[in-house]
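Here's the structure we're looking at; comments come further down.
No value in this document is a laboratory result; all are computed from the given coordinates. Just so you know, these numbers come straight off a predicted model, no measurement behind them. Cβ sites come from the backbone with ideal geometry, for glycine too, and all protein chains shown count toward neighbours.
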Amino acid sequence: MTAEIGNLKRIPAVLLAGWLTCTLLAAQGPEFEQPPVKQSQDGLLNVELDVKCFQGTVDGHPDVYLRSYNGLLTGPTMRIKAGDVLRVHLSNNLSDGYCTIEKKTDCASRGMNCPHGFNVTNLHTHGLHVSPSGNSDNVLIEFEPGSDFQYEYYIPADHPAGTFFYHPHKHGSAAIQMSSGMGGAIIVQGAIDEFMAGKKIQERLFVFQQITFDEREVEGKKVNILEEFSQLQRNSFDRPTTVNGQVTPVLRMRPGQVERWRLVHSGIMEMITASLQDHKMHIYSYDGLNTGRLDTVDSYAMAPGYRVDVLIQAGKKGTYKLVDQANVGAAGIKNQDEPERVLAYLVVEGDPVSGQLPTAAELAPFAYKGSIPEPIAKNRKVIFAQQPRSLYDFFNVNGALFMANESPCNAQDIGFCMKLGSSEEWTITSQDQNHPFHIHVNPFQIIEGDCQATNSCIWKDTVLIRNGQDTVIRSYFKRYIGQFVFHCHILNHEDQGMMRLVEIRP
Ligand SMILES: [Cu+2]
């Protein structure tokens, strides 16, 4: 019998019921896998990141060639502890192969704020509180194909334990490389991990990516590649959001079992509003910074660059969808509709276990202990906006495109020149669409409602700035001096100028 969806009344009810059950509840996908793990030992972690071609099948498309870390769709997970030294040896081997084909954008007079240098790279440790200078988290350096570099990060002894991540940050090619799959998790382990292990709560990592490519014919061979900037805009919405490089993987838990999930938005262009069918999510950490409490929600909207750590307690036996909920209109990142997508399937099976969620009181000791000492030395405004011109939009901050070479401390009042050991309050707004604001080195507190009075303001390093709405943040510039950046974390906006150099001086 052939069943046509548009003609259901012809199908006997029993068959229809069976067909619907299969269709709705069948978990279709590979068994859930996590990226390979590199674990620090005796205070040191050495990691090799080889930037080279990935070659394989993605979402049913054969002959996909992408820029990658170590030939993987998702880079290895780096697990470190506060006080460790993290050494990352980055080798740029994007010298030849289908993955390195670059169709130049017509740049006219746009200079550095035009997408360019797709095979030139560098590395950013997103959210880590480390030095922005020298061979540490310095995104103002870059590496041509055929070169290599030894990054060295001294993780301070009081570094918070949580979920962070790494990705390329070379101005002009960050979006192309990230949507090519270049991204991976950094997990800083600490007391909360010992607590969770003591409760027999296992963890699971979800690195979400929006991997983009198109079919092209190169010397008579059909290949799927990412060769030009305009492919991002056109295609990222057509591709599935992958989890650790997999399309709709299937994960398994037992009824009653509790797990902690680390969710990382390593995509570039869409909101991921994560929701697990018939289950609550209990959030205990935003952007790697523990709150010391549990926020119980049905869904959580992640902009690019966000991380969130949640506890999940499996319900009764069955198959449940982890979805990226539909976003309608202004809820979507670009003021446009985003359809629902299935991210993964949870199969609850086997004998029940009596798992228990930790209580807020048990989590309280692990809260991030940041502070914003008074007085507030300066109030600043940040405005994200576009000035549409010709073929491309120009993306600016406070009316200006990114400039790499001029110290903000030479620009008098308009420069983002901050004093070490000072606190500032910034009011950030957007005049065209939603833009996620991200700043390197120090996290910030989001000042919302009466959160200061109740001591409940959330700490983050990335926050979605809604079109036409002010977001107020406070930050304390601690420990590190040097030049670094804040920017929109829709990286194709960043590549086109929506970034600003800042400097902290003693
Ligand atoms: Cu933006």
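Odds and ends about this structure:
- For His89, the shell of other residues with beta-carbons less than 13 Å away shows a net charge of -2, using +1 for Lys and Arg and -1 for Asp and Glu.
- The range 425-506: relative contact order as a whole-number percent, Cα under 8 Å and 6+ apart: 36
- Euclidean distance between Cα centres, the range 396-419 to the range 187-224, Å: 35
- Among beta bridges that DSSP assigns inside the range 37-197, antiparallel share in %, nearest 5: 60
- For the chain, DSSP calls about 70 percent of its internal beta bridges antiparallel.
- Largest to smallest principal axis extent of the C-alpha atoms in the range 37-197, angstrom: 52, 39, 23
- Relative contact order %, the chain, counting alpha carbon pairs below 8 Å whose residues are six or more apart: 14
- Given their separation in residues at 0.36 nm each and the Cα-Cα distance between them, Lys419 and Lys104 gain 109.4 nm when the chain is fully extended.
- Shape of the range 116-264, Cα gyration tensor, a/c cut at 1.5: oblate
- Treating each Cα of the range 412-506 as an identical point scatterer and summing with the Debye formula, the log10 of I(q)/I(0) at q = 0.16, 0.18, 0.19 Å⁻¹ comes to -0.70, -0.88, -0.98.
- Close amide H partners of His124, meaning residues 5 or more places away or on another chain with modelled amide H under 5 Å apart, are His167, His169.
- Sequence-distant lysines (8 or more away, or on other chains) whose Cα lies within less than 30 Å of Lys478: Lys38, Lys81, Lys170, Lys369, Lys378, Lys381, Lys419, Lys460
- Rounded to the nearest 0.05, the FRET efficiency derived from the C-beta distance between Val353 and Thr296 at R0 = 30 Å is 0.90.
- Antiparallel %, DSSP beta bridges [both residues in the range 282-427], to 5: 80
- Prolate/oblate/rounded call for the range 380-454, Cα gyration tensor, a/c under 1.5 rounded: oblate
- Taking amide H positions as modeled 1.01 Å from N, with prolines and chain starts lacking one, the residues under 5 Å from Leu94 and 5 or more places away or on another chain are Gly146.
- Relative contact order (%) - the range 37-197, alpha-carbon pairs under 8 angstrom, separation at least six: 28
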